[in-house]
Each structure stands twice: as structure tokens, then as C-alpha cells.
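Here's the structure we're looking at; comments come further down.
The values are calculated or read from the model by the stated rules, or taken from the named source; none is laboratory data. Fair warning: this is a prediction, and the values are worked out from it, not measured in the lab. When we count neighbours, we look across all protein chains shown, and the Cβ atoms used for this are built from the backbone with ideal geometry, even at glycine. The area values use the complete protein model at the heavy-atom level, side chains included, leaving out ligands, DNA and RNA. Shrake-Rupley method; radii C 1.70, N 1.55, O 1.52, S 1.80 Å.
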Amino acid sequence: MRLLPLVALFCGISVFAAPEKRPPNIVLLYADDIGWGDLGCYGAKVIPTPNLDRLAAQGTRFTAGYCVAATCTPSRYSLLTGEYAWRRKGTGVLPGDATMIIQPGRPTLPASLAQLGYATGVVGKWHLGLGAGVVDWNKQINPSPNQIGFSYSFIMAATGDRVPTVFVENGKVVGLDPQDPIEVNYKKTPYPGDPDLTLPAERAKLKMDWSHGHNMALVNGVGRIGWMKGGKSAIWNDETMGDTFCDKACGFIAANKDKPFFLYYASHECHVPRVPNPRFLGRTPLGPRGDAVVAFDEQCGRILAELEKHGLTGDTLVVMSSDNGPVLDDGYKDHAVELNAKADHYPAGPFHGGKYSILEGGTRVSLIARWPGHTPAAKVSAAMVSQVDFPATFTKLAGGDPTELLKIDGVDVSAAFLGGVGRDYIISSTQATQLSYRDARWKFIPGIGHRRGKSPTVVDRNEQNDEIENLDAAKDRLFDLQADPGERKNVITEHPEIAARLKAMLDAQKAKGVGQPLPN
Ligand code: NG6
Ligand code: CA
């Protein structure tokens with residue numbers, strides 16, 4: 001070791017340009033509502049995704065990768081904390097003015113990597129709340145992602161369809177004019193001058209009409225959830241949002257290229273409202289939803305090119321996944337339902353259900369990993385991996401000690417990223433309480449005792465969506481995922497002992513505590 005500087009000098013190489021082997025950079029390309037079947041490498045025929053297809057060819061594509069929940073907030077909570085969101089109250093889909101649900105000081109994925117000397121950035125959709133009390137959008141917001149382990153943040157507070165429709169960089173609203181302060185409320189109280197978007201005459205003026213919800217604040221011709229006043233100079237542009245996030249992500253890479261970094265790139269594609277940049281319009285026969293998936297692919301391509309530009313491809317673990325399964329009509333009339341049916345596109349691939357669902361389509365998502373020389377190339381892996389494992393696993397792959405994180409819910413599946421085996425079970429959840437437990441072959445879903453409310457339609461291969469998704473939810477179900485990946489046939493009567501075994505495993509996990517103090 002000590003000889004290294006001498007050798008370097010002798011060879012005419014700067015000592016500083018010959019650092020010891022650095023741990024891998026980690027770039028997490030995270031999609032919003034993109035389904036297992038939406039990418040070309042997962043079988044989509046009508047959505048061109050060349051960048052992600054190439055990533056899969058250069059790396060490993062998982063067929064049993066799971067997010068933790070079938071909606072955004074609980075999935076992202078679990079991804080960053082390594083704790084099942086269903087253990088905690090208040091981790092369902094959050095309004096845009098929610099307080100932050102990840103407490104500063106607790107173990108998180110970014111904090112763990114920051115301890116190892118990583119620069120840690122989050123760019124894109126946050127949706128985990130901000131601040132500790134009533135958020136004042138006109139002041140420094142604290143806590144923000146910067147208090148739970150990120151050294152840089154450029155985010156939207158919640159979702160594109162929720163106010164405030166502004167970007168927040170390191171805890172400050174970007175481009176805010178102090179003379180035009182922002183006020184936000186989720187109390188169904190419009191501000192003076194707000195149009196009533198429930199009136200046909202007002203709806204007719206919208207750039208994109210709503211189908212349910214999304215009839216409160218009017219921003220850029222689109223109705224949103226919640227009311228907002230002021231902040232005119234800070235309001236984002238939906239059509240350039242993807243480019244803005246991508247610019248910030250590339251800027252973070254460029255600024256930190258000389259040290260290890262972790263980038264959590266949380267794209268808004270293809271969440272509603274789907275308003276991709278006009279250059280994507282018509283790239284698929286699926287309307288805005290499909291076009292937004294193409295936009296996501298392009299964003300990934302730009303970030304991968306930025307890594308390549310700085311000579312970092314070989315030093316970087318790139319992981320792509322999604323926060324929950326697909327949905328077609330999620331509250332706006334963007335024609336996804338008709339156009340998907342017409343084009344015979346199945347956003348959940350061979351699975352049943354989608355966003356909000358306890359069936360596979362809800363939480364089995366695309367998962368691709370590339371770390372040249374480490375993750376096998378051109379491999380399709382059936383290893384089971386859950387995003388709740390990312391904090392411990394990424395810490396391990398970064399050369400750190402995941403012991404503290406392993407006391408929570410995630411397990412170390414670094415072997416799966418290096419070509420080996422994954423977990424032996426997966427627990428999935430809907431937005432809150434409905435859970436399922438699967439092992440290598442069987443999946444058990446405890447009945448919720450009553451018919452499930454009607455959820456947004458996902459076009460899948462089963463015509464009786466409502467019956468299977470909602471009506472059957474009342475009773476216990478067992479599916480043989482090997483023989484029946486689409487979960488069509490409840491075989492609980494044939495195999496009561498298997499159902500009982502899985503139920504006991506799930507109950508044991510639940511008994512570890514809901515909302516108990518963390519183990520550290
Ligand atoms: C629902 C919204 C939906 C979407 C979702 C959150 C209505 C009727 N539906 O309540 O549009 O915003 O919340 O999606 O308002 S998620 O991907 O962030 O979890
Ligand atoms: Ca989502």
C-alpha cells in the first residue's frame with residue numbers, strides 16, 4: 001500500500017488520480033406506477049424502452065422483484081427505512097401537506113450510505129411528508145430529506161396531482177417570490193377566485209378532464225387534489241418536469257463524480273396527471289400513459305449516459321424498479337383504458353390486479369440491476385427480492401456493515417444481485433392492512449371478511465376483475481403461483497395445510513409488532 005504513491009509518481013500518474021478501489025456508486029432509477037409488463041424487456045410490444053432493455057441485457061432482470069405495497073407512500077417508506085410500512089399507522093397515501101413520516105435519526109438507506117462516505121441525493125417524487133408541524137412553504141422546511149440522510153434533495157412534496165405544485169430543493173421552495181406566499185389546504189376550502197371544477201362549463205376548459213377526484217386547485221389547465229394559493233412564480237411546468245428532474249440528477253452525478261455517491265432518482269412517470277413533454281406524444285398507441293413510460297426510459301437513458309460520460313459505468317450499481325403496479329384510470333380521462341384494450345397491452349404482464357391490489361399485479365414489479373463484472377449480464381433471475389431489502393443489501397454491496405438494518409424487516413439479498421439466490425418469502429401489502437405471504441410456490445391472502453370496495457380498473461387478462469379483486473377478498477385464498485401466476489384459481493380447499501403453514505408464517509411476522517419502537 002505505502003508503495004503506491006511512489007509507484008504512481010514513478011509512472012507519472014498523479015497520486016490523487018489513483019485512489020484505492022472505491023465502493024460502487026449506487027443509482028436507483030425508480031418509476032411511479034409502471035407495471036411489470038410495461039417495459040420491452042418484460043414483454044411490452046407497443047412501448048419502446050430501448051435504454052432499459054439495454055440495461056437488462058447488460059445486467060440481470062428479475063422476474064420476482066417486489067415493492068412492499070401497492071401504493072406509493074408505503075412502498076417508498078419501506079424502501080428507505082427497511083421497515084414494512086404496515087407496521088406503522090399513518091403510512092398510507094399522504095396528502096401534499098403531510099408532516100414527514102420518517103423520523104430524523106432512525107436508520108435509513110441514505111443515512112447508512114452517508115456513513116460510508118457517500119454523497120447521497122434524491123431527485124423527484126418524495127411523498128413521505130415534510131416538516132414536523134403545519135408546513136410553512138415560505139420558510140426553510142425542516143425536516144426534509146436532508147435530515148434523514150440525503151446530502152442533496154430536489155423534490156416534489158407529494159405527487160403531480162397534489163398541491164403544492166412546486167419543487168423543493170434542500171428544504172426550500174424553488175423560485176418562490178416572497179411577495180406571493182404559498183398557502184395550501186386539504187380541507188375542501190377553495191380560495192377566492194378558484195373555479196369550481198365540478199361545473200361542466202369549467203370542466204370543458206380543462207386541458208385534461210378528471211374522472212374521479214382531481215377537481216380542486218386548477219394548475220396549468222389540470223385539476224389537482226387540495227387547494228393552493230400564491231406561489232405563482234414557483235409553479236412547475238408539467239411538460240418540462242421530467243427534463244428538470246433529469247437535469248438535476250445529472251448535475252448531482254457530475255458534482256459528485258470523484259467520490260462514491262448514491263442517487264435516488266424518483267421519476268414521476270407514469271403517475272397521473274400524465275402530461276409528458278410533447279416530444280413523447282404519439283410514441284405509443286396507448287396515449288399519455290404509454291408515452292410517459294417512454295419518457296421514463298429516456299430519463300434513464302440520459303442518466304446512464306451521464307455515468308458513461310464520466311467513466312463511471314463500471315463503478316456503478318444501477319438498479320431500476322417501480323413503486324407499485326400499474327393503473328389505467330387513476331382519476332383523469334387520459335384514455336388509458338380504451339387505448340390499452342385496443343392495443344392489447346397488459347401493463348401488469350401475466351399477472352392479475354394492479355395498483356391498490358393485493359394480487360401480484362399490485363406489487364410484483366420490474367427490477368433490473370447492472371454492476372459490470374458483479375451482476376451477471378444478460379441474466380434473467382427468478383430470485384425473490386423485496387425493496388424492503390434495499391437498505392441492508394445496498395449497505396452490504398457498498399462494503400458496509402448492515403447489522404443494524406438487519407434488525408428491522410429487510411434481509412441481505414446481495415447474493416441475488418451477484419447472481420445467487422434471494423429471499424424465501426415475500427410479504428406484500430395494499431395501502432395499509434391487507435397483506436399476503438408467498439413462498440417459492442404458494443401465496444396466501446387472508447380474507448378481509450367483507451367485499452373490497454371497487455378499485456380503479458386495470459385491464460388484465462381476466463374478465464372478472466371485479467369478482468376476483470373485490471368480491472373474493474372476503475375469504476381466505478391460496479394460489480399456486482407456479483401453475484397459476486395469474487391467481488385465477490383459489491385452491492385453499494385442496495390444500496388447507498399449506499394455507500395454514502403460510503398463515504402461521506405471516507402471523508409470526510405480524511406478531512413482531514405494529515408501530516412498535518424500532519429495535520435500535
Ligand atoms: C389516490 C388518487 C390517485 C393517486 C393516488 C396516489 C383520487 C381519486 N385518486 O387517492 O389519483 O394520486 O391516490 O398514487 O384522487 S400513489 O402512486 O402516489 O400512491
Ligand atoms: Ca405510485
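Sorted by packing (mean other beta-carbon atoms within 10 Å per residue), highest first, where do 250-256, 174-180 land?
Details: 250-256: 18.4, 174-180: 12.9.
Highest mean packing first, the order is 250-256, 174-180.
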Taking the solvent-accessible surface of protein heavy atoms with a 1.4 Å probe, what is the per residue accessible area of the chain in Å²?
38 Å²
Residues listed by number, region 186-206, amide nitrogen under 17 Å from E239 label point at 7 Å toward C-beta
206
Full-extension gain between D209 and A305, please, as 0.36 nm times their residue separation minus the C-alpha to C-alpha distance.
30.9 nm
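Output the relative contact order of the chain, whole-number percent, from Cα pairs under 8 angstrom with separation of 6+ residues. Before the final figure, lay out each step's value.
Details: 1259 pairs, mean separation 118.9, N = 520.
Averaging sequence separation for qualifying contacts and normalising by length gives 23 percent for the chain.
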Distance in nm between V174 and E497 label points, each 7 Å along Cα→Cβ, equals 6.0 nm
Between I448 and A341, what is the label-point separation in nm under the 7 Å Cα-to-beta-carbon projection?
2.5 nm
Which lysines, if any, have their Cα less than 17 Å from the Cα of K248, not counting same-chain residues under 8 positions apart?
K125, K172, K257, K309
Keeping all protein chains in the complex and leaving out DNA, RNA and ligands, what accessible area do you get for K489 with a 1.4 Å probe, in Å² to the nearest 10?
110 Å²
Keeping all protein chains in the complex and leaving out DNA, RNA and ligands, what accessible area do you get for R488 with a 1.4 Å probe, in Å² to the nearest 10?
90 Å²
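Could you calculate, for the chain, the ratio of the Cα radius of gyration to the Kirkwood radius, expressed as Rg to Rh? Show your work: numbers first, answer last.
On the way: Rg = 22.7 Å, Rh = 23.5 Å.
Here Rg/Rh amounts to 0.97.
Could you put H495, H268 in order of accessible surface area, largest first, with the 1.4 Å probe and the full protein assembly present? Each step should come with its number before you reach the end.
Numbers: H495 60, H268 10 Å².
Largest accessible area first, the residues go H495, H268.
Under the 0.36 nm per residue contour assumption, what length would be gained going from the current alpha-carbon distance of A378 and A440 to full extension?
On the way: separation 62, 0.36 × 62 = 22.32 nm, distance 2.29 nm.
Computed gain between A378 and A440 is 20.0 nm.
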Would you please give the residues with an amide H less than 5 Å from that of S322, counting only those at least 5 places away or on a separate chain, with H modeled from the backbone geometry?
A31, S366
Helix hunt in the chain: which complete DSSP H runs extend at least 18 Å axially by C-alpha with mean Kyte-Doolittle at least -1.0?
241-255, 288-309, 496-511
First compute the accessible area of the chain with a 1.4 Å probe, then give the percent of it belonging to carbon and sulfur atoms.
56 percent
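Using the Cα centre as the reference, give the magnitude of the dipole from point charges on the C-beta atoms of the chain (Lys, Arg: +1; Asp, Glu: -1; all else neutral), rounded to the nearest 20 debye.
Values: 56 positive and 56 negative charges, 152 e Å.
Computed about the Cα centre, the dipole is about 740 debye.
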